[in-house]
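What follows is a short report on a single structure.
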Amino acid sequence: MNKTQKTERHSGSVLASNRSGFTLVELLITVSILLVLAGITVTTLNYSAEKEKISNGARDIQTYLKGARDRAIFRRAETGVRILLDQNGPVNGAGNPRCAASMVYIGVPEPRTGTISIEFDTNNPANHLRRLRFWSPGPDMLPGTAMADDNTDTLVDNTSEFSPDTATDDIENTALRDEFTRLNNLGLLGPGSEITLLPGGSTELTYTLAGGPGDWRLSSNYVAGNVSGCMDINFRVKLLPSVLPNQQARELPKGVVIDLEACRRAGTIPSNWFNSTNNRYSNYMDILFSPRGVGAGTWSAEGQIQLLLADVADVEKGAFDPTSDPYTNRTNIGRERVISINALSGNISLTSLNPADSDGNNILDDPFLYAETGVRAP
């Protein structure tokens, strides 16, 4: 091999070596393309997640409610879910929250039992509505003896409720009085609590409590002749639901809320969840299940309720009545989801709103059709 041939071979090797790599310009172009593709991918994923967040939130609620129903069966006690108001979310005209964004498991504690004195209105035999008394017959009286009524404790005079009648040797049951007050302060006892009186034998008289500390009453009248005068009687009071131990609230996905205002306007939630006097939603929006896995508590009287999940941005645009308000100001039309809870069967289903608008007036014909009938959305 001559000198010229060696030189040509060396030059060819160097050229081949140089062509085996990338230039700086080529690297920059490649990186730029990768960044653009990555940006497109992230944008697509974010859009997909945004689009599905309401559906995901609805599935979370459905699973959570089914968990409460299963807990009720397992615990053999009424168990359910308490829907919690979103204190930082949209408000109504009175400045009160009108959406919910979380929930927590609740259960009904064991009932409180004991003996209490029932006082009747002897001046008005036709009206046997009387107060509970925390004064009992003294030790010198025979068990079950009716205490004399000095007729000073009238229905409108509460000043002497905790004072003994002058005609008897009464004693104050301070432990029971304090227990009622404590349970009331804890939210376990209050107006609407169910109380059963057992005057003797197999007879049971069930009422609900009214009033409050210092003036506990029964919300309905006695049947004349069951008990008379003012006497001790055994009772069993059903405590109100409370949050189960070691439970944390389950939050809905960010930006997803239960539109309580829309539900109320459409009549799909219990009326007692909203106080029209002060335009405030209750702090005790409870959905309870019995040990048989069906509805329990006041909501079960509705037969079936529906919860509407929507984007909070839509809710903030104003009160939305799915049966009358125009629908065109909603940007996420079709993404709303409806959770239906059937009290008779315990079934919990997930549907969408019915978008039908037959007359083209931008008002939905029957938005909760799928939820109410069980018809599958097309």
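The values are calculated or read from the model by the stated rules, or taken from the named source; none is laboratory data. This structure is a prediction, so every number in the text was calculated from the model and none was measured. Cβ coordinates were reconstructed from backbone atoms using ideal geometry, including for glycine residues, and neighbour counts include every protein chain displayed.
A few comments on the model shown:
- Any hit, segment 57-70, residues being touching a Ser or Thr at 6+ places or on another chain (Cβ under 7 Å), modelled with pLDDT of 90 or more and not in a helix (DSSP H, G or I): no
- Screening 314, 325, 321 for residues that are outside any loop (DSSP other than H, G, I, E, B), at pLDDT below 90 and under 30 Å from residue 361 (Cβ atoms) leaves exactly one candidate, 314.
- The condition of being hydrophobic (A, V, I, L, M, F, W, C), modelled with pLDDT under 95, surrounded by 13 or more Cβ atoms within 10 Å (Cβ to Cβ) and not in a loop (DSSP other than H, G, I, E, B) holds for residue 308.
- Top-ranked residue in segment 239-268 [being touching an Asp or Glu at 6+ places or on another chain (Cβ under 8 Å) and among the β-branched types (Val, Ile, Thr); ranked as farthest from residue 97 (Cα to Cα)]: 256
- Elements of type strands (runs of 3 or more DSSP E) contained in segment 229-295, each with 1 or more residues being within 16 Å of the chain's Cα centre (by Cα) and surrounded by 15 or more Cβ atoms within 10 Å (Cβ to Cβ): 256-259, 285-289
- Looking only at residues in segment 342-368 that are hydrophobic (A, V, I, L, M, F, W, C) and in a strand (DSSP E or B), the one that is surrounded by the most Cβ atoms within 10 Å (Cβ to Cβ) is 348.
- Residue count for segment 191-212, restricted to those that are at positive phi and touching a Leu at 6+ places or on another chain (Cβ under 8 Å): 1.
- Taking (1) part of a strand (DSSP E or B); (2) modelled with pLDDT of 85 or more in turn, residue 204 satisfies each apart from (2).
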